[in-house]
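Step one of this worksheet: look at the structure below.
Just so it is clear, none of the values below were taken in a lab; they were calculated from the coordinates. Keep in mind that this is a model prediction, so the values were computed, not measured. Every residue, glycine as well, gets a Cβ built from its backbone with ideal geometry; the counts of neighbours run over all protein chains shown.
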Amino acid sequence: MIVAVVLSAGESRRMGSPKALLPIGGETFIEHIVASLRRSKVGKIIVVLGHNAEGIRSQVAHLPVTWVVNKDYAKGQLSSLIAAVRSLQESTGAPQIDGILVHLVDHPFLDSRLVNEMIDRFYESKKLIVLPRYQGRRGHPVIFSEALFAELLRTPPEEGAKVVVRAHRNETLEIETGEEGVTVDIDTEDEYRKFVRGKECRS
């Protein structure tokens, strides 16, 4: 089973409001992402919250996900990934977990077909890491094999998961995609207007 982990613990300082709750197509970023994941082959969805965790969860409590609160969210994204992995390891009676598909809440354009392709290629290739690439740029989501959990857990949070990715270049599968969304990162109001409002106005 592949477990999806959506990281949504940051303070959204540059945006000025929680990115998880930004509107897109009549729903919030987090609702939009979870809906895409539910159409995919992932077996479970974890959402990691941190800053203003209860305030965010209270507005999207209906989502069929497992909530994990990372109290160390200020240490960076890897600290949230570590919190998710620990919660999986602590759960009892769960199905065999083969890997985690890590996505960021500020990347709202998640295609379930791409997720399914990544999962299929993960099992076929037996690579430790699978990630998408758009016009030469790596993007999200990223699949990490369960074999890397111990390494992720012992990596200093401030160094980030990229350290683990770099250490396994020869065991990484990059999938070329025409989906620009894998590289679209919404951090500011200008980016939101360009990529979200702009797309909705053109559609």
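Miscellaneous remarks
- Over 26 Å between alpha carbons, listed pairs Lys19/Lys126; Lys126/Lys194; Lys75/Lys127; Lys127/Lys162; Lys126/Lys162; Lys71/Lys194: Lys19/Lys126; Lys126/Lys194; Lys75/Lys127; Lys71/Lys194
- Each Lys and Arg Cβ is given +1 and each Asp and Glu Cβ -1; about its Cα centre, the stretch 2-202 then shows a dipole of about 60 debye.
- Cα→Cβ-extended label distance, 7 Å offset, between Glu151 and Ala74, nm: 3.1 nm
- The stretch 91-203: relative contact order in percent, alpha carbon pairs under 8 Å with at least 6 residues between: 33 percent
- Surrounding net charge for Arg113, when Lys and Arg each add one and Asp and Glu each subtract one, Cβ distance under 11 Å: -2
- Shape call, the stretch 1-64: gyration tensor on alpha carbons, a/c limit 1.5: prolate
- Using a Förster distance of 30 Å, the FRET efficiency for Leu173-Ser91 (Cβ separation, nearest 0.05): 0.60
- Close amide H pairs (under 5 Å, H built 1.01 Å from N) link Lys44 with Ala4, residues at least 5 positions away or on another chain.
- Cα shape, the stretch 90-203, gyration tensor, a/c 1.5 rule: prolate
- Reducing the stretch 161-175 and the stretch 6-46 to their Cα centroids gives an inter-centroid distance of 25 Å.
- For the stretch 34-74, the relative contact order works out to 48 percent when only alpha carbon pairs closer than 8 Å and six or more residues apart are counted.
- Cα gyration tensor category, rounded, prolate or oblate, for the stretch 29-80 with a/c compared to 1.5: oblate
- One quarter of the convex hull surface built on the alpha carbon atoms of the chain amounts to 11.1 nm², the projected area averaged over directions.
- Relative contact order, percent, the chain [alpha-carbon distance under 8 Å, six or more residues apart]: 24 percent
- Scanning residues 5 or more positions from Ile24 or on other chains, those with amide H under 5 Å from its amide H are Phe29, with H placed 1.01 Å from N in the peptide plane.
- With 5 Å bins from 0: P(r) over the stretch 53-95, alpha-carbon pairs, percent: 5, 20, 23, 23, 21, 8, 1
- The share of C-alpha pairs in the stretch 1-110 whose separation exceeds 24 Å stands at 18 percent.
- In Hz, Karplus ³J(HN,Hα) per residue of the stretch 167-179 (6.51, -1.76, 1.60; θ = phi - 60°; x = Gly, Pro): 6, 10, 4, 7, 10, 10, 9, 9, 9, 5, 9, x, 7
- By the helix-only formula, in which each DSSP H run with n ≥ 4 contributes -39500 (n - 2.57) and the sum is divided by residues, the chain has a 222 nm mean residue ellipticity of -9000 deg cm²/dmol.
- With a cut-off of 14 Å between beta carbons, the residues surrounding Lys126 carry a summed charge of -3, where Lys and Arg count +1 and Asp and Glu -1.
- Over the stretch 94-139, the pair-distance histogram of Cα-Cα distances with 10 Å bins from zero comes to 21, 55, 23, 2 percent, rounded to whole numbers.
- Taking amide H as placed 1.01 Å from N in the peptide plane, the amide H of Gly99 sits under 5 Å from that of Val3, Glu146, each at least 5 places away or on another chain.
- Of the trypsin sites (Lys or Arg not before Pro) found in the stretch 126-189, those in coil by DSSP whose Cβ has at most 11 other Cβ atoms within 10 Å are Lys126.
- Cα-based radius of gyration of the stretch 146-202 once divided by 2.2 N^0.38 Å, which approximates compact folds: 1.62
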